[in-house]
Every structure is written in C-alpha cells, then in structure tokens.
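Just so it is clear, none of the values below were taken in a lab; they were calculated from the coordinates. Keep in mind the model is a prediction, meaning the values are calculated, not measured. Cβ: placed from backbone, ideal geometry, glycine included. Neighbour counts: every protein chain shown.
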Amino acid sequence: MSHSSADQTREGGTSLYRRDRFLLEDELVYLDGNSLGPLPRSVPDRLASAVRGEWGRSLVKGWNEAEWFDLPGKVARRIEPLIGADPETVAVGDSTSVNLFKVLAAAVGLVGQRRRILSDAGNFPSDLYVAQGLSRLVKDGFEVAALPSEEVEAAIDDTVAIVMLTEVDYRTGRRRNMKAVTEAAHDAGAIIIWDLAHSAGAFPVRLSECGADFAVGCGYKFLNGGPGAPAFLYVAPRHSDVVSPAIAGWMGHAEPFAFEPSYRPGEGIKKMQAGTPPILSMTALNEALTLYEDVDLAALERESQCLGDMFISAVMQHCPDLELASPRTAAERGSQVSFRHPEGYAIMQALIDRNVIGDFRAPDILRFGITPLYTNATDIQRAATVLSEIIHGRLWDRDAYRVRAAVT
Ligand SMILES: *Cc1c(COP(=O)(O)O)cnc(C)c1O
C-alpha cells in the first residue's frame, strides 16, 4: 500500500497517525472506534479540573465563570467544519435518538399534505423506532415506509414527505451518495434527513454543499467524546427560522433568564437546544475534538480506504469462510469493513480475547471500524493474522465464546 500512516511519517508529510494522543495499550488493536471511540489522553485531566475546579470551587458561578453556558455552542462550532456545515447550523446535546426526534418533528412542519416517511429497513433500529413513535404521536396519517436498502432510492417519488437515511450502513458499511440522494429527494419535493452516526469524524461530510435539510450524529463514535457523549443535530439555514421545535425548552427560548410564561424561540439554531446541557460530558467531548484541529479529513478518508482495502485483501486471501459484507470498492464504503459468518459472535469473542477488538452485529456480522488516527498498517496485518489463526484453528469453538453478554 502506497501511503500507510507509517510511510507518511517517514516521508515527513502530514501525519494523521497520533496514537500517542490516546490512552491505548500498545498490544491492543482497536477496531471499534465506530462503536465507542477510545479515550483521548488529555481528557482525564481536563475532566478532573472541570469537576474539582469548576463544579467544586465555582459551584453555580461556573455557568458564567467557567463559561458553561456557552459550551454547547463551542462544541457545535468544532463539529460544523467536520460535517461541512456552515457556522451556527449545529446544536449539540441529547442523544442521537432524541435529536432525530427533534429534527423529524421539525421536518413534519414543512411537508404540506404528504405523509410518508421513507427509510431503509436496514437502518439503525432506533432511527426506525423514533420515526414510528413520532408518527403515532402526530397521527394525521403519518406512516413510516421502511424498504429493503437497495429499493429505497428508486422509491423516492412525489408521495414521499421525508426521506430519512443513514449515510453509512451500520452493518455493512455501505455508503450512500449524499449528493445524489439529496438531489433525488429535492427533485421529488421531499425533505431529507441524514444520520451521520458513522460519518462524522471518519471522512469529510458535505452537508451544506449537498443541500441537506437536516442531519443528526453521534459524539461517542468517531468523535471520541466518551460513553453517552452528547450528540448533535443540523438544520439548514433556510429552515432554521421557519421550523418550530417540538421540545420547546427554556434553553432554546430567546431569553431563558427572563423566565417568561410563554415560549419565544431563540434565533436560528439556538431554539433547537432544549434543556440544561450535560456540562461534564460536554467538556469531555470539547476536549476530545481538539484532536481534529489539524486533521486533513480528505487524507483521513484516503488512509482509511487504504487500510480497509488492505484488511479485506488479507482476510479474503486467508479466510475464505468469511463472506465480505461490505462493498469491495473503497469509495462505496464508510470507515468500516464487515464480514459475515454464522459463528460471528464466537469468532468476535475469540478475537477480543486476543486483543483485537471489533464488534458483532446480529445476526452474523463481524464489524471492524478503521481509524487511521490510531490504527496503522501493522495493526491491520496483525488483526488479519489473528483472525486467520482463529478460523483455521477453530479457536472460536468454545462454549465460553457463545455466551452472549447484554451489550454485543
Ligand atoms: C450508533 C447509532 C445511533 C445511536 O443513537 P443513540 O441515541 O446515541 O444511542 C443512532 N443512529 C445510528 C445510525 C447509529 O449507528
């Protein structure tokens, strides 16, 4: 491979590889940053000072003294360039599921007479559940049509109110063409909502350039914000003055501290903030995002594709029992590679036991996230070798590896 991270360092080019800025043990190959990003080295001290210094000493004065009140906005300004969003178009807080509810509810107010919410039956279940729940709540004929993945794009027509899709499929890693699908939705007169859970921080996302209407995404995957980190939502500037938030909370009010009895929405994206932000997790995410300050996202994407190709070649050569579930062509994938095997769960447990961490997604998917910030060609080769040893020696074939934990 022509430009592994190690080569780039040797050539003195921009090095993306910065494993020393994460707390990761040397012998660990971590291919699960798409499920939970690892701990950035600077986060524990920053959190300790936020707890002891800010919360402990400033107490309620922290809202002003430590600028807690402005923190969600600061984090949003860091996320915007990562997803190709203009300034002041992103709000940070809540979970991805809650943010999806918020943007869906906002979109419902923009759709005229149409009532179909079109999605992908292979979408992340929470996305489908939230859309179904919202449809039940608003009634008025709203319904969710979740079609097989490969049929969704052809089904975008003038009956569709909202197209709700995840850019990168959480199981297969297949990546949709955001620009083409957004255009198709708009040509049909529909609103489009993108879920960027497996996109943000993995490759350059171009929300504004593609003309997306709304988007949501996750803070704890590629953005390394920690378990349960605040998520984000995006509202295109053309909509933000028009939509009215379903969760009209005081933090989205024009003047929260005027304590008025009636809601007056804050300007633009501000109104999408609902309640008091979780300052400690917000602090961790803000600190984690400093890792992206000098990352060239296009280079990150190229490197991730290169490592993904390398992993696919090695696994397909040595483990013919595994079926590639991801597109072979790098441009059609996000930053992950998946394989199918009927004993996928046990195989993944055997891998984890040998310090190669990926995850399993029912019914039969072995999923490997690739993050060139801390994973290089040596790690990829090692993961492929260990996987091959497990398959050839049937090392997965033990009862202990079949016991399913609560979280897989
Ligand atoms: C991980 C993921 C989520 C996570 O939702 P939470 O509400 O943060 O738990 C949502 N959508 C997709 C597509 C995901 O992959």
Please compute the length gained on full extension between Leu39 and Glu183, using 0.36 nm multiplied by the number of residues separating them and subtracting their Cα-Cα distance. 48.1 nm
Its Cα gyration tensor gives the chain an equivalent ellipsoid whose semi-axes in whole Å, largest first, are 36, 27, 19
Acute angle (nearest 10 degrees) that the helix 297-318 long axis makes with the longest principal axis of the chain, alpha-carbon atoms: 40
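Around Tyr401, with a cut-off of 9 angstrom between Cβ atoms, what is the net charge of the other residues, counting Lys and Arg +1 and Asp and Glu -1? Display every interim value, and only then the final one.
Working: positive: Arg398, Arg402; negative: Glu343, Asp353, Asp397, Asp399.
That works out to -2.
Which trypsin sites (Lys or Arg not before Pro) in segment 254-329 sit in a loop by DSSP (not H, G, I, E or B) and have at most 13 other Cβ atoms within 10 Å of their own Cβ?
Values: sites: Lys270, Lys271, Arg302, Arg328; in loops: Arg328.
Listed in order of number, the matching sites are Arg328.
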Here segment 74-82 yields Karplus 3J(HN,Hα) values (6.51, -1.76, 1.60; θ = phi - 60°; whole Hz; Gly and Pro given as x) of 4, 5, 4, 5, 6, 7, 3, x, 6
Report the full-extension gain for the segment Thr378 to Asp399: residue separation times 0.36 nm, less the Cα-Cα distance, to one decimal in nm. 4.5 nm
For Thr375, residues with placed amide H under 5 Å, excluding near neighbours: none
Taking 7 Å along the Cα-to-C-beta vector as the label spot, tell me the Ser262-Arg21 distance in nanometres, rounded to one decimal. 4.9
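Which semi-axes, in whole Å and largest first, does the equivalent ellipsoid of segment 337-408 have when worked out from the alpha carbon gyration tensor as the square roots of 5 times its eigenvalues?
Details: eigenvalues 79, 40, 22 Å².
Ellipsoid semi-axes (Å, largest first): 20, 14, 10.
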Under DSSP loop assignment and at most 11 Cβ neighbours within 10 Å, longest GluC sites (Glu not before Pro)-free interval of the chain: 28-266
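What value does segment 248-288 have for Rg/Rh, both radii from Cα atoms and Rh as Kirkwood defines it? Write out the running numbers ahead of the final one.
On the way: Rg = 12.0 Å, Rh = 11.0 Å.
Result for segment 248-288 is an Rg/Rh of 1.09.
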From fewest to most C-beta neighbours within 10 Å, the residues Met272, Met348, Met178, Met251 line up as Met251, Met178, Met348, Met272
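With contacts defined as alpha carbon pairs under 8 Å and 6 or more residues apart, what's the relative contact order of the chain in percent? The partial results should precede the final answer.
Working: 797 pairs, mean separation 90.2, N = 408.
Rounded, it is 22 percent for the chain.
Using helices alone, I'd like the mean residue ellipticity at 222 nm for the chain: each DSSP H run of four-plus residues gives -39500 (n - 2.57), total over residue count, nearest 500. Spell out each step's value before the answer.
Values: 13 runs with 130 residues, N = 408.
Helices in the chain give a 222 nm mean residue ellipticity of -9500 deg cm²/dmol.
For segment 51-140, which trypsin sites (Lys or Arg not before Pro) are both in a DSSP coil and crowded by at most 15 other Cβ atoms within 10 Å? It would help to have the intermediate numbers written out before the result.
Details: sites: Arg52, Arg57, Lys61, Lys74, Arg77, Arg78, Lys102, Arg114, Arg115, Arg116, Arg136, Lys139; in loops: Arg114, Arg115, Lys139.
Passing sites in segment 51-140 are Lys139.
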Mind listing the phi-derived Karplus ³J(HN,Hα) values for segment 109-122, rounded to whole Hz, using 6.51, -1.76 and 1.60 with θ = phi - 60°, and x for any glycine or proline? x, 10, 9, x, 8, 6, 10, 8, 9, 8, 9, 10, 4, x
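Local charge sum around Gly133 (other residues, Cβ-Cβ under 14 Å, Lys/Arg +1, Asp/Glu -1)?
Details: positive: Lys102, Arg136, Lys139; negative: Asp127, Glu143.
Charge balance in the 14 Å sphere: +1.
Which whole-number percent of Cα pairs in segment 98-184 have a distance greater than 22 Å? List each step's numbers first, then the result.
Numbers: 754 of 3741 pairs.
Taking all Cα-Cα pairs of segment 98-184, the fraction more than 22 Å apart is 20 percent.
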Under 25 Å from Lys102, Cα to Cα: lysines that are on another chain or at least 8 residues apart: Lys74, Lys139, Lys179, Lys221, Lys270, Lys271
Mean projected area, convex hull of alpha-carbon positions in segment 151-250, reported to one decimal in nm², is 7.7
